[in-house]
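Working notes, beginning with the structure itself.
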Amino acid sequence: MVDDIELNRLFWHSRRGMLELDVLLVPFVREVYPNLDDDDRARYRKLLTCEDQDMFGWFMQRGESEDPDIQRMVRMILDRVQPK
């Protein structure tokens with residue numbers, strides 16, 4: 001279970017100041033993060049330590065992270081918003 005303090009902290013860390021990232025990360029942390037297992041929660045927190053420009057490239061599918069944990073989280077976020 002995720003407490004409100006952790007969710008609030010992650011909400012603010014998910015607001016990156018780049019609209020393209022904000023529209024992916026903020027809804028994800030609000031709607032999906034509370035239901036993730038502990039490993040995926042750790043992966044999401046790890047993703048938030050990355051540079052905005054790197055994340056932008058990964059989410060725009062211009063490249064992939066060399067870290068499989070981060071790439072798993074990028075894919076999870078993209079799968080949520082991309083039509084199948």
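Against the condition at pLDDT below 95 and among the aliphatic types (A, V, I, L, M), how does residue 81 come out, does it pass?
Numbers: at pLDDT below 95: yes; among the aliphatic types (A, V, I, L, M): yes.
It is true that residue 81 is at pLDDT below 95 and among the aliphatic types (A, V, I, L, M).
Quick check on region 57-74: of everything there that is open to solvent by less than 90 Å² (accessible area, probe 1.4 Å), in a helix (DSSP H, G or I) and not polar (S, T, N, Q), which residue is farthest from residue 20 (Cα to Cα)? Give the steps one after another, and end with the answer.
Of all residues in region 57-74, those open to solvent by less than 90 Å² (accessible area, probe 1.4 Å) come to 57-60, 63, 65, 67, 69-71, 73-74.
Next, from what is left, pick out any that are in a helix (DSSP H, G or I): 57-59, 69-71, 73-74.
From what's left, not polar (S, T, N, Q): 57-59, 69-70, 73-74.
Working: 57: 11, 58: 12, 59: 9, 69: 21, 70: 18, 73: 16, 74: 14 Å.
Step by step, filter region 57-74, then rank; the result is 69.
Within region 6-17, can you find the residues that are open to solvent by 40 Å² or more (accessible area, probe 1.4 Å) and either touching a residue at least 24 places away in the same chain (Cβ under 8 Å) or not in a helix (DSSP H, G or I) (or both)?
7, 13, 15, 16, 17 - these are the residues of region 6-17 that are open to solvent by 40 Å² or more (accessible area, probe 1.4 Å) and either touching a residue at least 24 places away in the same chain (Cβ under 8 Å) or not in a helix (DSSP H, G or I) (or both).
Identify all residues within region 18-33 that are farther than 15 Å from residue 59 by Cα and open to solvent by less than 40 Å² (accessible area, probe 1.4 Å); write none if there are none. Steps first, please.
The initial filter retains those residues of region 18-33 that are farther than 15 Å from residue 59 by Cα, namely 29-33.
Within region 18-33, 29, 32, 33 meet the criteria.
The values are calculated or read from the model by the stated rules, or taken from the named source; none is laboratory data. As the structure is a computational prediction, the values presented were derived from the model and not from experiment. Positions of Cβ are generated from backbone atoms using ideal geometry, with glycine treated the same way; all protein chains shown enter the neighbour counts. The area values use the complete protein model at the heavy-atom level, side chains included, leaving out ligands, DNA and RNA. Shrake-Rupley method; radii C 1.70, N 1.55, O 1.52, S 1.80 Å.
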